Amino acid sequence: MSRGDLLTACFVGTDRPALTGVQWEVVLSQARRARLAGRLARRAVEQDWFATMPDAARHHLQGLLRVEQTRRNQTLWELDCLRRALRGAGFPIVLLKGAAYVAAALPPARGRQFGDIDLLVPRECLREVEARLLGAGWVGEKLDAYDERYYRDWMHELPPLTHVERGTALDVHHTIAPPTSRWKIDGARLLDRAREVPGEEPFFVLAPEDIVLHSAVHLMQEGDFGAGLRDLLDIDDLLDHFGRETGFWPTLAARAEALGVGVPLVQALDQRSRLFGRRPPGECRDSIERLAAPAPRRWLMRHLLAVALRPDHPQADGATTTLVRTTLYVRSHWLRMPWYRIVPHLLRKAALRTAARLRRPDRAEAGPAPGP
Amino acid sequence: MRLSELPAPEFDARLAGEGLCLRTGPFTARVCSAIAAVREGIRLLYADFPVAESGTCCDISLEVRRPPNLRRWLRPQVEFVADGAPVYEPFAFNQALPLLEWAMNWCIATHVNHYLLVHAAVVERGGRALVLPAPPGSGKSTLCAALVHRGWRLLSDENAVVTLDGASLFGTCRPVSLKNRSIDVIRAHAPQAVFGPPAHGTPKGTVLHLRPSAEHVARMDEPALPAWVVFPRWQPGADAVLAERPKADALIDLVDQSFNCARLGRSGFDAMAALVDASRVYDFGYGRLDDAIAVFDRLADQ
């Protein structure tokens, strides 16, 4: 039997996965879809799975270890370039997500498939950052007035930047959730607690509790759960890592309440407990439970997310998958923007997609050369 | 078991169901398709290839299908799916068979990280490999098709598969792709060869595939040692000129022609350097196929 979500089980517990040949093939395919292939490879090394898996799976995972090392080096190199571009800026440059994990040597960095670099800077410094980055070769793509406004006014970031030579992507934010969002957060409050990364000047990372909250907000208001399981594993790693410091959990609960992001935190913790059976320490449970959404909503989200966090792969899809994903996609926009902006926004996106599809020839001009 | 020995109902059921697992040298490919042109194409072009059980863990896996949308009733299309998602925008339906080949190439180029892959044709003689790297249009497939009918063994017309120590090359021995004018050139050069059906109007023009000989397929697991790297350049009417080329310079071109060298980081670079070190490297301009064959025969006899 090769159907079903075979991937999640590989990250739960410590048993060597008992899989048939074709099931290994499916797991690798699901891992690629879920952006967890590198992480699966690391897990295979840590838990010594290689001796008992088919050659094809072992070759694939060992290959991914090489690729992961390259991607990590590329990220470090990219950070060096950024450092040169932003040196002496006089304000903190906070690394978010993957770049933060690798710079601060946090556990989710292992096996990670690094993509864009995300930065957080003070809102009033956005123009200066944009100008400095432009000087160093990062340019924004040409956008129409609508998209420009979408990013600058409604979202919490500059339009995405790409380096002209290296083609690497960079997102510059002034906070971690859009100003129009239900969970809006003033970036200044995050910057207040940000910590310098020793030896990585001028880079900062968020305070431990804010790293976790950012990850939870990101997971819960993303419309696309393609990397949802990856994000949840990140949260699990971070909680495990920071949870060893005394006082972390009470700080996390208090901070979630203060920033008004208790609901996504509890949703993430619910999923962590469902999958890995790990719960907050006893003495903090009450202060965290108080932050939860009302019971019916919490129950509903718990069940929707249980479906959405399965790999987005036809062999893992159940009867309700499409409905659940669509519901959560609409919900994510609902959370990020008021209805009078969402409805025109989604209609516009749908119209543009349809127009592009109608214009599309049968690929008469583009060559099918396999891209690396 | 060879594909031609698989009973037809079983072959059809596997292809339309759990997938037909084809052994192509170091990579086993799972192919799923319910499209008749793909089925007939595989039956013809891959007749001599070994087939693995459907329960095998394959290196690559893909499906060639009609896109599940309303447009299929207006103008039929075909697309390929890997890891559960379509990879390119759909193609016109008559391109299903070439798309299968492009899909396999894409999966290998994208997912393989345990060999160094170079976009090149590779043929072998006396255990030694002749690598013909080149951008599209330089005539590498034509050269490859011509050479394999004149005493050279086919490793691949698309992908040099190099072990990470750079010391040996493998081939997938898959069908050789021919385009436009080179189709007639090879038909005249090798009248006994078996050709698949042509697909017109593809992004590369008219494309068809040449069935690899049973003998070459039977030897698909035999590696070859690196010996010659030759960058071909076809010019109408030109005389054949073989000129030795600095290795460092060739290395840079080969890295450009590699699907995964950059991704493999240090391992990729070391493998490429070892390959170049172990080979003699040439630029080769030519205008006539027979001249080219003579030049390569002389190389092999040295």
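When the residues of the range A:63-81 are filtered to those that are away from chain B (no Cβ under 14 Å) and either modelled with pLDDT under 90 or more than 20 Å from the chain's Cα centre (by Cα) (or both), the one that is surrounded by the fewest Cβ atoms within 10 Å (Cβ to Cβ) is A:Asp80. Contact map, the range B:244-271: first residue at positive phi, second residue buried (at least 18 other Cβ atoms within 10 Å of the Cβ), Cβ cut-off under 8 Å, separation 6 or more or different chains; pairs are B:Gly265/A:Arg66; B:Gly265/A:Val67; B:Gly265/A:Thr70. Within the range B:97-109, residues that are over 17 Å from B:Ala34 (Cα atoms) and facing another protein chain (nearest Cβ under 9 Å) have Cβ atoms under 6 Å from residues that are small (Gly, Ala, Ser) and outside any helix (DSSP H, G or I) in these pairs: B:Cys107/B:Ala82, counting only partners at least 6 apart in sequence or on another chain. Considering only residues in the range B:72-96 that are at the interface with another protein chain (Cβ under 9 Å from one of its Cβ atoms) and within 22 Å of B:Arg23 (Cβ to Cβ), the one that is surrounded by the most Cβ atoms within 10 Å (Cβ to Cβ) turns out to be B:Asp83. Exactly one of these conditions fails for B:Pro136: (1) touching a residue at least 60 places away in the same chain (Cβ under 8 Å); (2) away from chain A (no Cβ under 14 Å). Give me its number. Every listed condition holds for B:Pro136 apart from (2). So, B:Val118, is that one touching an Asp or Glu at 6+ places or on another chain (Cβ under 6 Å), within 13 Å of another protein chain (Cβ to nearest Cβ) and either buried (at least 21 other Cβ atoms within 10 Å of the Cβ) or not in a helix (DSSP H, G or I) (or both) or not? No; evaluated as a whole, the condition is false for this residue. Of the residues that make up the range B:154-161, is at least one buried (at least 23 other Cβ atoms within 10 Å of the Cβ), acidic (Asp, Glu) and not assigned by TED's automatic domain parsing to the domain that holds B:Arg43? The answer is yes, given that some residue of the range B:154-161 is buried (at least 23 other Cβ atoms within 10 Å of the Cβ), acidic (Asp, Glu) and not assigned by TED's automatic domain parsing to the domain that holds B:Arg43.
Looking only at the range B:252-282, which residues are of a type in the set (D, E, K, R) and assigned to a helix (DSSP H, G or I)? B:Asp253, B:Asp256, B:Arg263, B:Arg266, B:Asp270, B:Asp277 - these are the residues of the range B:252-282 that are of a type in the set (D, E, K, R) and assigned to a helix (DSSP H, G or I). From the list B:Glu53, B:Glu79, the lone residue that is modelled with pLDDT under 95, of a type in the set (Asp, Glu) and more than 30 Å from B:Ser168 (Cα to Cα) is B:Glu79.
Restricted to helices (runs of 4 or more DSSP H) entirely inside the range B:140-251, those with at least 1 residues that are modelled with pLDDT under 95 and acidic (Asp, Glu) are B:181-189.
The helices (runs of 4 or more DSSP H) found entirely in the range A:120-232 that carry 3 or more residues being in contact with a helix residue (DSSP H, G or I) (Cβ under 8 Å, 6 or more places away or on another chain) and surrounded by fewer than 15 Cβ atoms within 10 Å (Cβ to Cβ) are A:187-193.
Yes or no, residue by residue, for (1) more than 14 Å from chain B (Cβ to nearest Cβ); (2) in contact with a Phe, Trp or Tyr (Cβ under 6 Å, 6 or more places away or on another chain); (3) at pLDDT below 75; (4) surrounded by fewer than 13 Cβ atoms within 10 Å (Cβ to Cβ):
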| residue | (1), (2), (3), (4) |
| --- | --- |
| A:Leu323 | yes, no, no, yes |
| A:Tyr329 | yes, no, no, no |
| A:Ala351 | yes, no, no, yes |
| A:Thr354 | no, no, yes, yes |
| A:Leu358 | no, no, yes, yes |
| A:Glu365 | no, no, yes, yes |
| A:Gly371 | no, no, yes, yes |
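Residue by residue, here is whether (1) under 24 Å from A:Leu238 (Cβ atoms); (2) away from every other protein chain (no Cβ under 13 Å) holds:
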| site | (1), (2) |
| --- | --- |
| A:Thr52 | no, no |
| A:His60 | no, no |
| A:Arg83 | no, yes |
| A:Arg87 | no, yes |
| A:Leu96 | yes, yes |
| A:Ala103 | yes, yes |
| A:Pro107 | yes, yes |
| A:Gln113 | yes, no |
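Kindly indicate the residue of the range B:232-288 that is among the aromatic types (Phe, Trp, Tyr) and in contact with a helix residue (DSSP H, G or I) (Cβ under 6 Å, 6 or more places away or on another chain) and also nearest to the other protein chains (Cβ to nearest Cβ) among those meeting that condition. Out of the qualifying residues, it is B:Phe259. Of all positions in the range B:48-71, at least one carries a residue that is within 13 Å of another protein chain (Cβ to nearest Cβ), assigned to a helix (DSSP H, G or I) and under 23 Å from B:Ala199 (Cα atoms).
Counting just the residues of the range B:194-208 that are of a type in the set (A, V, I, L, M, F, W, C) and surrounded by 17 or more Cβ atoms within 10 Å (Cβ to Cβ), which one comes out farthest from B:Ala146 (Cα to Cα)? The residue in question is B:Ala199. Exactly one residue out of B:Ala121, B:Ala47 is in the same structural domain as B:Ser156 (by TED's automatic domain parsing) and either among the charged types (D, E, K, R) or at pLDDT 95 or above (or both), and it is B:Ala121. For the range B:43-71, give me the residue count where each residue is without any contact (Cβ under 8 Å) to a residue 12 or more places away in the chain and closer than 24 Å to B:Arg211 by Cβ. Qualifying residue count for the region: 0. So for the range A:101-117 (the condition being among the aromatic types (Phe, Trp, Tyr), under 20 Å from A:Pro198 (Cβ atoms) and surrounded by 21 or more Cβ atoms within 10 Å (Cβ to Cβ)), does at least one residue qualify? Yes, the range A:101-117 contains at least one residue that is among the aromatic types (Phe, Trp, Tyr), under 20 Å from A:Pro198 (Cβ atoms) and surrounded by 21 or more Cβ atoms within 10 Å (Cβ to Cβ).
Under the condition of being under 16 Å from B:Leu100 (Cα atoms) and not in a strand (DSSP E or B), the residues counted in the range B:15-29 number 3.
The values are calculated or read from the model by the stated rules, or taken from the named source; none is laboratory data. Predicted model only: the values in this text are computed from it and were never measured. Reconstructed Cβ throughout: ideal geometry from the backbone, glycine too, with neighbour counts over all protein chains shown.
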